[in-house]
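Have a look at the structure below, then the notes.
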Amino acid sequence: MFFILSKTVGLLLLPTNFLIVLALAGALLTATRWARAGRRLMATTIVLLAVCAFSPAGNLLLYPLESRFPPWDAATNAPPAESSKPGAHPKASAEAQPAPPVAMEDWWLARDSKGHAGWLLSRMIDVDAPDTLTRYSEGQKFVGAYVLATVFDAGAEQQNKNIPEYVTVLAPYTAGLPFDFNQVRVFTWNVKMHRYETAFREKNIAGYLPVKLELAKDPYGKSPTAQTALPAFTYRVLTADAPPVVPDPATGFITPGKTIAKMYRLEGNVVHRVAPPGYKDPPIARPMAEINKEKKGRRR
């Protein structure tokens, strides 16, 4: 019932049909006591019909629709792209529309202990890390977990009392990101509390593999342990002035532009930066906008 009513009302509300209905209503009024009003109504509708039929008014009313929906393109046998503004050229509007992003997946080239190599889909594998560490993932995935050192804890619950300490890199559960990881976290073992604790953490970065592990001295340090070779790790991050990193749509490889290397040493349970005195890192890229804590905590 509603469908029939909507179609009927829509047909009657067309400009020409509406004027014809008004003319018929005026003709019917001429047979009543409102004959004078009926004649005026008929005359008005006839004039409006003549104006719409023989004057440019009809073309002016149709112009917005003709500009909004351009005619069929016979050369390509397909309608041109729909323009977003009245009167916009079809080719210009088609060029203005960006191409849809290509769906990307992350694949890892892996090799087993027997030398067999192959590609694995990243979301189908898990990095080997203790359960005591994965509980601190905070909704991210471990991209790498590397043993920096081991400490002996006779009171540990584990069967193996030599507890490994890790440097880990993490990333969101999203494929096709322009970086390998966005967080670095070092876990050291507290012998007194018999648990892992965070000794170092840097997040909201655009980091790239590999993470380099070595035993290194601190040529710039003045402490007694500076000239002792201790576990160290180095990773690369993207600088703020580097161009945007876009995965190659054909190969999927990402090639970062300008990066800087950050080197740290594990001295006991403390992580120290290895850098010349007074050295200051250039601004680095931040994948997520940082919130100004001073403004956030300010109250009126």
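The values are calculated or read from the model by the stated rules, or taken from the named source; none is laboratory data. Computed from a prediction, not measured in an experiment: that's the story for all the values here. FYI the Cβ positions are ideal-geometry reconstructions off the backbone, even for glycines, and counts take in every protein chain you see.
Observations
- Selection count where residues are in contact (Cβ under 8 Å) with a residue 12 or more places away in the chain and exposed (fewer than 12 other Cβ atoms within 10 Å of the Cβ), scope segment 124-137: 3
- Restricting segment 249-300 to residues that are of a type in the set (S, T, N, Q) and under 22 Å from Val237 (Cβ atoms) leaves a set whose member that is modelled with the lowest pLDDT is Asn292.
- Residue ID - farthest from the chain's Cα centre (by Cα), chosen from residues in segment 205-215 that are surrounded by fewer than 18 Cβ atoms within 10 Å (Cβ to Cβ) and at pLDDT 95 or above: Leu215
- Qualifying residue in segment 39-59 (condition: out of contact with any Phe, Trp or Tyr (no Cβ under 7 Å at 6 or more places or on another chain), charged (D, E, K, R), at pLDDT 80 or above and closer than 30 Å to Pro249 by Cα): no
- Lone qualifier among Thr134, Thr76 - being under 30 Å from Arg195 (Cα atoms) and either out of contact with any helix residue (DSSP H, G or I) (no Cβ under 6 Å at 6 or more places or on another chain) or modelled with pLDDT of 70 or more (or both): Thr134
- Candidates Val102, Val167: the one that is touching a strand residue (DSSP E or B) at 6+ places or on another chain (Cβ under 7 Å) and either surrounded by 11 or more Cβ atoms within 10 Å (Cβ to Cβ) or modelled with pLDDT under 85 (or both) is Val167.
- Segment 243-262, residues that are touching a residue at least 24 places away in the same chain (Cβ under 8 Å), surrounded by fewer than 16 Cβ atoms within 10 Å (Cβ to Cβ) and in a loop (DSSP other than H, G, I, E, B): Pro244, Val246, Pro249, Gly252
- Restricting Tyr220, Tyr196, Tyr235, Tyr208 to those that are touching a residue at least 40 places away in the same chain (Cβ under 8 Å) and out of contact with any strand residue (DSSP E or B) (no Cβ under 9 Å at 6 or more places or on another chain) reduces the list to Tyr220.
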